[in-house]
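Here's the structure we're looking at; comments come further down.
The numbers here are math on the coordinates, done by the rules we state, and not lab data. None of these values were measured; they are calculated from a predicted model. Because the Cβ atoms are built from the backbone with ideal geometry, glycine has one as well, and the counts that use them run over all protein chains shown.
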Amino acid sequence: MHVDQATKLRELARTMTRTHQAVSTPSSDEKGHAKIYAVTSGKGGVGKTNIAVNLAIALGKKGKKVTLVDLDLGLANVDILLNLTSPYTLEHLILGYKMLEDIIIDGPGGIKIVPGGSGLPSLTNLNTMQQELFLSNFYTLTKNNDFVIFDIAAGISENVIRFTLAADEIIVVTTGEPTAITDAYALMKVLSARSKDHNINIVFNMIKSRYEAKRNFERMHTVVKQFLGIDVHNLGTVVYDSCVSNAIMKRKPFIMQYPFSAAAKSIKDLGRELLYKAEHDGRERQTLFEKLSYLVH
C-alpha cells in the first residue's frame, strides 16, 4: 500500500476512535463496543465454520446480541451451511455498492449474519475509498453488538492475519490429526511474530474423547511456549458426533437441529466459557484504533 494512502487510513481510524471517546465516559473508551472473536484454523476441513456458526448461536441463546461475519474471502460458505440466501454480500459493501444495513441478514437463534463473497480481493488491493467504507462499517459492527464473531479463512495469507489480529481474542480450531496440529502451530507462529498481546484459544474439534483432547493440548502448549514464547489457552473440546454431519446435510446448525446431542452440549460449554472469560477477563482490551490499525497497516 502506498505510504500516503496508509497514513490517510490510519488517520481515519484515529478519527473514529476520537469520535467514540468524545461520547464515552472518560474511564471507558471501549464501553459499548463488542468483544470480537476471530475463529480461524491452520488448514481447511477441521470444522471451523461449523464451530463459528454454532458458537454464535450459543451466545445468542444466552440473550447476547451477536453478529457473525463471514470473512472467508475465498470460499465464503456460512450462508450455504445455514441454507440462507441474500441478494447482497460483503463484496457489495467492499466495492461501495451497498452499506452494512443493506447486506446484513437474520440468522437462526436470533443472530445476525454478514454474508461473505467468494473470490474477493485482498484488503491491500482495495483503493482508499473501498478501505474507508470497510473501516467505517467495521466500526458500526463493534458499536451495535455484544459479540462479533469473524469466521476467517484457513491458512496464513495476509488477509487472514489482518482480520485475525483485528479481533480481541483468537480461536484456533484444529483436530487431533498431525497435519491439522502442525498447520495450527504454523498459524500461531505467524500470528505471534506480529503480536504477542493476543489471547489465543484452542478448540479441538471432532475428538473422540476429552482425554485425547487434553493430551493433545498439553503437547501443543509445551511446544508453543518453548518455541514461540506465548501461552495458549484450552477453550474446550467439541466431541465427534454423527449428528453434526447429519445437520450439515440438512443445512441446519447442529445446536438447534440436535439440541441434546453430545456436540451441542460441547458447543454450549464453549459458549459458557466465552461468556465467563468476557465477564472476568482482567486483561486490557485493544482500543478501537488498535483493532482498525491492523486492517490498514
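Here is how the numbers come out for the structure above:
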{"read-out": "Sparsely packed trypsin sites (Lys or Arg not before Pro) within the range 206-297, loop by DSSP, other Cβ within 10 Å at most 11", "value": "208, 283"}
{"read-out": "Rg over Rh, two decimals, the range 113-242 (C-alpha only, Kirkwood Rh)", "value": "1.01"}
{"read-out": "Burial ordering of 85, 67, fewest other beta-carbon atoms within 10 Å first", "value": "85, 67"}
{"read-out": "Candidates per GluC sites (Glu not before Pro) in the range 141-250, loop by DSSP, up to 12 other Cβ within 10 Å", "value": "none"}
{"read-out": "Net charge of neighbours whose Cβ lies under 11 Å from the Cβ of residue 239, counting Lys and Arg as +1 and Asp and Glu as -1", "value": "0"}
{"read-out": "Residue order, fewest to most beta carbons within 10 Å, for 198, 221", "value": "221, 198"}
